[in-house]
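What follows is one structure encoded as structure tokens, with my remarks underneath.
Readers should treat all values here as calculations from the given coordinates under stated rules, not as data from a laboratory. In this text, all values refer to a predicted model and were calculated from it rather than measured experimentally. Using ideal geometry, Cβ is built from the backbone for each residue, glycine included, and neighbour counts are taken over all protein chains shown.
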Amino acid sequence: MASNKKYWKNEAELNPNDSIVERLRQNEFVEQIPVDDFLGDKESLESSNTNRRDFLKYVGFSTAAASLAACEGPVVKSIPYVIAPENIVPGVASYYATTIANGFDFASILVKTREGRPIKIENNDRAKVGGASNARIQASVLSLYDSTRLQGPTSKGENVEWSDLDAAVKSKINALKGSGKQIALLTQTYASPSTSRLIAEFKAANENVNHVTYDAIAEDEALNAFEAKYGQRALADYDFEKADLIVSFGADFLSDWQGGGYSSGYSKGRVPKNGKMSRHVQFEANMSLTGANADKRVALTPSLQKIALGQLYSKLSGSAVKGELLGNMQTALDSVVAQIKRNPSKAVVVSGIDDANVQAIVLAINEMLGSQAFNPSQPRLVRQGNAKAVASLIGDMNAGKVGLLITDGVNPMFSLPNAAEFKSGLEKVDLSVAFSSNKNATTEATTFAAASNHYLESWGDVEIKKGHYSLIQPTISELFDTRQFQGALLNWMGSDKSYYDYITAIWSSSILGGSSWSQALQDGVFTAAASVADPVNVVSNADDKENEEAPVSTSIASAVSSLANSNADGMELVLYSKVGMGDGQQASNPWLQEFPDPITRVSWGNYVTVSKADAATLGLVNENVANGGLDGSYVKLTVNGVSLDNVPVIIQPGQAKGSVGLSLGYGKKVGMKAEMQTGVNAYALYQGMNNIQSVKIEKVAGMHEFACIQLHKTLMGRGDIIKETTLEIFNTKDHAEWNHVPVVSLDHQEVPATSVDLWDSFDRSIGHHFNMSIDLNACTGCGACVIACHAENNVPVVGKEEVRKSRDMHWLRIDRYYSSEESFADDNQKKNDFDGLTGEKGSLGGFGELEDPSANPQVAFQPVMCQHCNHAPCETVCPVAATSHGRQGQNQMAYNRCVGTRYCANNCPYKVRRFNWFLYNNNDEFDFHMNNDLGKMVVNPDVNVRSRGVIEKCSMCIQKTQKTILDAKRDGRLIKDGEFQTACSSACSNGAIVFGDINDKESTIAELKEDDRMYHLLEHVGTKPNVFYQVKVRNTNEA
Amino acid sequence: MKKVTYRDQVSKVLGISLIVFLLFSISVFAQADSAADTAGGDVKKGKALFNVNCAACHNLKRKSTGPNLYKVEERLAEDEGLDREWLYAWIKNSAGVIKTGDAYANKIYKEYNQTAMTAFPTLSNEDINNILAYTAAEPTTPPPPPGPEAEFNGTQQQGFSNELILGALALVFGILVFMLVSVNKSLKQVMKVNGVEVEDDGKKLPIWKAFAKNQFLVLISVIFLLLTSAYFAYGWMMQVDVNKGYAPIQPIHYSHKIHAGDNKIECKYCHSSARKSKHSGIPSLNVCMNCHKSIAEYSGTPGVAPLKEDLAKGYTNEFYSAQIDSLYSAVGWDKINQKYTGESRPVEWVRIHNLPDFVYFNHSQHVEVGGIECQTCHGPVEEMEIMEQFSPLTMGWCINCHRETNVQVKDNPYYEKIHAELSKKYGVENLTAAQMGGLECGKCHY
């Protein structure tokens, strides 16, 4: 049936005589197409004899030629050694024990090398001290292959020869003889017996040598207090494993406080054993990693912390109590006092406040308690800087008293608050030489930039703790024309010895005491057998103590009274260091830049943390924008007239009202690629090298775009994701109560979810079956595992823009959750109490409230990687069977088979699958280490580098498990417990991640699987994961 | 961080190199069996003793690790005035002679980099007489290989006979065709003569037109054609980048046939890392020098005449010796002065077996644990003059082998439990690699 309906687009069409309609009907394009514009010069176009047909012919021909050429396989060359080194078998890794001692991080480590290239850092478990690595140490192997390294000595940007530099320095040293001018050495903390000896010899050989040790992030007051009390410039050693009660006043001892390395001892004490675990109370301003792990965290500004500490001393010593605290803070302190008094020797008090009185009182309290965790007799030597000496050196420089300045391992032009003063002083120095592995602000300003070795190319020794020695040995020969400072110093002293010879001589004469050098070198560590301390020093110390007993106590009294009077005018700024950046010397390391901060989960930059209340008064906001990114206001920070503009703001739950926090180490510009120049330089505000400053804060215009990995902050009362309980309940009640297995309905009966299954199970009782246990009590959230995974599995770096779009590639993430109420238990209670949609207990408003973290929340960390589900939802939806299950329990991913539908990622309840949106290697858009030949040397040859368009995820380090199995097969033996490791489990010095074969019934993992605390993530989904967690237990015992 | 010297390597493999050297030396120093007794010794016995005891370090005419020994006694007597007694003492215990301060002993010791000669206390004076007789005898060159011409004629004969058969066949076919044509012609003529009218079949459609009109037939044949072409296209596609038979020209013409075949050197002597690593490893040049320090020239395989095909391709003794020279120039070995010059340049071999990056293959797993012969995958390497890829190296090929090959569980405690349990489960006596889990994706792709 034909219809006479007419369709019209416009009213004008109804008029049959409309000329415009007619014209539009006739002409395809309303206007002439501007061909001239894009074909350019018409004349030359006409004169050219390439017509359209020719053009098509050429296109056709070249396409055909290109595809034909592609048919021919490339010729691959294979070049063997001419003379193969005896110890290198291509394809087999060798491990060397060495030590990192870069002035900020000190640890004994093992370095995995393949074909002579260091590719991975492991913990050295033979080391009793400093055997734990953190995220920065794990990442330091990449800094070796930094393409922005200094590749030879330079002078004012021009390349020079070492001989020129030597000649200049030697002639200057000679010229300075008798001139009265100083030869100044401004160096990092070495804690090295050989370097100390060498510098002493240099001092003896030349007059007027002034050696100043400078720590970018100083522990000056702690060092002064220790020196005043014990006569040595060192830091007391603490063993948190031995403490039942840990009280910290602003000490972030799980990250970098006093040199760090305390977390493994702490974690050991945190795992409930025989119904006991340590209790940790933290008084602090910033939400630190340590505070996040505390059983009780009291948010206090630094000035209130001082008052609290003063009170603590008074109450413990029974003297008059001065100063006032607010009600609940007072009760918190009082309960701490009561708990300490119950068992004084099992308690320990620490503080990270840079204040002479505070540090003196802390030492006095620990001494008074007789704390077993406190060890001043074998102190740590990892910080030796002297702020006063640095200041006087700058004074001398400006007064023209310094003839020659040599710096090593420090970057004062970047990290000094008074860098301008240093610069003007430097201009008055006749000759200056800066040893540095990278170009930086200091090497720019000095006469010579002496390219120095990376620690993996150097020889050295370290005494991390008195009597505990470690050796630094090179794991690769110098990549560039570089020299280490000690070698250069030997050369300038006219010695023809190498620094290696020098160290062996020192060790055989005064350290080894007859033990084997080779053994020490192989172990990487050496502990002096007999009496450790220098007998002379011990005697004098003892004398000192007797003599000073009286004056010390009087000075403590005055210290306490001065603490009681602490007050702050205005906002207090607490400067801190992040576990991912430290003092900033590895700022050009893309792994560390992309490493999300454990607390804020922000990568690529620093920010000022502000409490919610202060943000409201200042009008500062954080908001999530449409593309999912986090934006934050900008502020201007002013300290004593020095200001930092455009500092982005993060509103930090748990930040003490009246205080703000800002991390050091960011904001480096010189010698850095543009992408790496992130954040603001907080050192400008680090006045007097004190981490606490009084600050003026003003809002400025604009919004900052953060690259934040986790936007949702709370658990929304879902207690089944991170199960937790209190020590009391844990000890007294059945595990069914605090580790409740979710129930589902089967035939209208409530049955445990674990008993219901959609699928038939495979028999996994034969062979290996890998499982991983993650103990939420031992995990501090430090993130060493994240970087270890990065290094082991060739995980690409994607850059700030991509992270902001939630395209981060980390195979292992550490989720951080805040409670919305006072505690997670209250959150759960609140959710359970929801009644109806609206009203006081309505879920509509209630869930909205639950999204907001509390002002001082409980915090929980949860590392999440692929859970290797036995009944994996991802496997069933892959259209090309690219992901499948192995008998050993691993969920396998065949990258070459993946076509990138991302169904698996959508179907994964744990959201652990990562998609390669781009080609991240050999791509100028991602100019990180995988875009240059040098950076690619860190790539693990046993793991594929993924291409664009495929999904990747945690493989449970199948390359490592397969290697362990093969080694055993080749040796014809069974595999011992502990041999199976993944990158994360071996990096975790806290013992939070344990990996192994549950079919080995004797193994730790099999035992952990049967533990009462064991639970699976999202158990009710029925995925039957091979990763399980241990319920977090909090010691909430207040009495 | 030990510094490696080639000398360490030499001492390690001295035993093997000795054996290898002997295999060569038989031909290098081949002498007429009927050599007469010279200076009170049996040349034949002397040759045997020389080859067993001396040849690792001494050559008759050329300086090697030790001096050349041709007419050594005569030369010593003339130049140094040393008699046979001195030689007895020296050979039995050279270090002792050096200690006595003997001038010539110390001189020669220093000349050869202070490398002490191995003491041979087990050699009797008579043995030494025999050896000296051998060194004094005029070495005879090995009999020339059978003239290439004669052999060439032989094969020509063979070729000729083939051609003859082919020619005869062609002739037969030619005659047949001729006969058919002439029969047809004569039949037609007969018809014409007899006036028989051949029926006009003009109405009949030609067969191809009939075919074209039958749509069903056309459809069937199109489907058939498409299927066949798809089959062949698939087959062709699947061989893209399968480089079976890839035999590139290498910078040094290294003959596996001579080394592994004629001289029976164990594969893993050179490719030693196949035992413990994922790579079989291309031997570093110092491994070559373990033997080639003493073997400076090629003189054929004893008792085997070179094949004429090889000679035709230019594989003469001189050609092979030139390859040894290019090894020397690569490793930086001065063969005249018997020392390293220190100027080396690595050899850029062309890699033959290329697995894609996304495949993990471990040689030690197969060679050491699995006990698989190298030849299983690499083919008869000992017969390959030019090394080539023998297997397709496709996934199907790997998988197939995993399905068919049993795991070597014997005397390996690792497998004890798992084998007992798994074989019970599968009800088999011997487990295949596939049953062991060798077909899982993640075992080779990570």
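List the residues, sorted by chain then number, that are 5 or more residues from A:Val660 or on another chain and whose placed amide H is less than 5 Å from its amide H.
Correct list: A:Glu572, A:Leu573, A:Val574.
Please report, in whole Å³, the volume per residue of the convex hull around the C-alpha atoms of region A:686-726.
It comes to 229 Å³ per residue, whole-number rounded.
Which whole-Hz couplings ³J(HN,Hα) result when phi for each residue of region A:679-689 is put into the Karplus expression 6.51 cos²θ - 1.76 cosθ + 1.60, θ = phi - 60°, listed in order with x for Gly and Pro?
x, 10, 7, 6, 4, 4, 9, 8, 6, x, 6
Apply the Karplus curve 6.51 cos²θ - 1.76 cosθ + 1.60, θ = phi - 60°, to the phi angles in region A:590-595 and return the couplings in whole Hz, x for Gly and Pro.
Result, ordered by residue: x, 4, 6, 5, 8, 5 Hz.
Students often get this wrong, so check it: of A:Lys465/A:Lys713; A:Lys1024/B:Lys425; A:Lys268/A:Lys805, which have C-alpha atoms separated by over 28 Å?
Over 28 Å apart, Cα to Cα: A:Lys465/A:Lys713; A:Lys268/A:Lys805.
Full extension from A:Ala356 to A:Asn206: what is 0.36 nm times the residue separation minus their Cα-Cα distance, to one decimal in nm?
Roughly 50.5 nm would be gained on extension.
Taking H placed 1.01 Å from N in the peptide plane, check which residues at least 5 places from A:Ser633 or on another chain put their amide H under 5 Å from its amide H.
A:Val621, A:Val649, A:His704
With 10 angstrom as the radius, rank B:Ile282, A:Ile692 by how many other C-beta atoms surround their C-beta, starting from the fewest.
Placing the least packed residue first, the sequence is B:Ile282, A:Ile692.
Collect residues whose amide H, placed 1.01 Å from N in the peptide plane, falls under 5 Å from the amide H of A:Met1014; neighbours closer than 5 in sequence don't count.
Placed amide hydrogens put A:Val1031 under 5 Å from A:Met1014.
Report the FRET efficiency, 1/(1 + (r/R0)^6), for B:Ala322 and A:Asp125, where r is their Cβ-Cβ distance and R0 is 45 Å, rounded to 0.05.
Efficiency at R0 = 45 Å is approximately 0.20.
Over region A:917-1017, calculate the relative contact order: mean separation of alpha carbon pairs under 8 Å at least 6 apart, over the residue count, as a percent.
15 percent.
Run the reach check for A:Lys77 against aspartates and glutamates, Cα to Cα strictly under 19 Å, same-chain hits fewer than 8 apart removed. What comes back?
A:Glu115, A:Asp933, B:Asp241, B:Glu348, B:Asp357, B:Glu388
Could you run the Karplus curve 6.51 cos²θ - 1.76 cosθ + 1.60 with θ = phi - 60° over region B:312-328 and give me ³J(HN,Hα) per residue in whole Hz, x for Gly and Pro?
Couplings: 4, 7, x, 7, 8, 4, 4, 4, 5, 4, 5, 5, 5, 5, 6, 4, 4 Hz.
Taking K and R as +1 and D and E as -1, what net charge do the other residues with C-beta under 14 Å from the C-beta of A:Asp334 add up to?
Neighbour charge sum, excluding A:Asp334 itself: +2.
With a Förster radius of 45 Å, plug the Cβ-Cβ distance of B:Arg345 and B:Arg75 into 1/(1 + (r/R0)^6) and report the FRET value to the nearest 0.05.
0.75
Please report the relative contact order for region A:236-380, taking Cα pairs under 8 Å with a sequence separation of at least 6, and give it as a percent rounded to a whole number.
33 percent
Can you give the helix-only mean residue ellipticity at 222 nm for the protein assembly as shown, where every DSSP H stretch with n ≥ 4 adds -39500 (n - 2.57) and the sum goes over all residues, rounded to the nearest 500 deg cm²/dmol?
About -10500 deg cm²/dmol.
Assuming R0 = 45 Å, what is the FRET efficiency of A:Ala338 and A:Asp835, from their Cβ-Cβ distance, to the nearest 0.05?
0.70
How many nm is it between the label spots at A:Ser392 and A:Val76, if each spot is 7 Å from the Cα in line with the beta carbon?
Distance between label points: 6.5 nm.
Expressed in nm to one decimal, what extension gain is obtained for the pair A:Ala12 and A:Val1021 from 0.36 nm per residue of sequence separation less their Cα-Cα distance?
Extra length from A:Ala12 to A:Val1021 when fully extended: 357.1 nm.
Send over the per residue convex hull volume for region B:31-136, Cα only, as a whole number of Å³.
Enclosed volume per residue, from the Cα hull, is 94 Å³.
By counting other Cβ atoms within 10 Å of each Cβ, how are A:Met287, A:Met413, A:Met703 ranked from fewest to most?
Starting with the residue having the fewest Cβ neighbours, the order is A:Met703, A:Met413, A:Met287.
When each pair of different Cα atoms in region A:571-708 is counted once in the 1/r mean, what is the Kirkwood radius in angstroms, to one decimal?
So the Kirkwood estimate lands at 15.0 Å.
Using a basic spin-label model with each label point 7 Å from the Cα along Cα→Cβ, how many nm lie between B:Val177 and B:Leu227?
Each label point is offset 7 Å from its Cα along the Cβ direction, giving 3.7 nm.
Decide, for the protein assembly as shown, between rounded, prolate and oblate: order the square roots of the alpha carbon gyration tensor eigenvalues as a ≥ b ≥ c, take rounded if a/c falls under 1.5, and otherwise choose prolate if a/b is larger than b/c, else oblate.
Because a/c hits 1.5 or more and a/b fails to exceed b/c, the protein assembly as shown counts as oblate.
When only C-alpha pairs under 8 Å and at least 6 residues apart count, what is the relative contact order of chain A, in percent?
Averaging sequence separation for qualifying contacts and normalising by length gives 14 percent for chain A.
Need one number: the % of Cα-Cα pairs in region A:236-380 sitting beyond the 23 Å mark.
26 percent
Of the cross-linked pairs A:Lys657/A:Lys1032; A:Lys57/B:Lys244; A:Lys181/A:Lys669; A:Lys578/A:Lys963; A:Lys273/A:Lys723; A:Lys969/B:Lys443, which ones have a Cα-Cα span greater than 24 Å in the structure shown?
In this structure, A:Lys657/A:Lys1032; A:Lys57/B:Lys244; A:Lys181/A:Lys669; A:Lys578/A:Lys963 exceed 24 Å between Cα atoms.
Subtracting the Cα-Cα distance from 0.36 nm times the residue separation, let me have the gained length for A:Asn87 to A:Glu1010 in nm, one decimal.
Extra length available between A:Asn87 and A:Glu1010 comes to 328.0 nm.
Identify all lysines with a Cα-Cα distance to A:Lys315 below 17 Å; exclude those on the same chain that are fewer than 8 residues away in sequence.
Counting by Cα, and skipping residues close in sequence, A:Lys315 has these lysines nearby: A:Lys306, A:Lys341.
Give the aspartates and glutamates reachable from B:Lys264 as a straight Cα distance under 13 Å; neighbours fewer than 8 places away on the same chain don't count.
Filter leaves B:Glu382, B:Glu383.
What is the fewest-to-most order of B:Asp357, A:Asp237 by other Cβ atoms lying within 10 Å of their Cβ?
Exposure proxy ranking, most exposed first: B:Asp357, A:Asp237.
Sticking with the crude label model, points 7 Å out along Cα→Cβ, report the distance from A:Ser498 to A:Asn624 in nm, one decimal please.
Those two pseudo-labels are separated by 5.8 nm.
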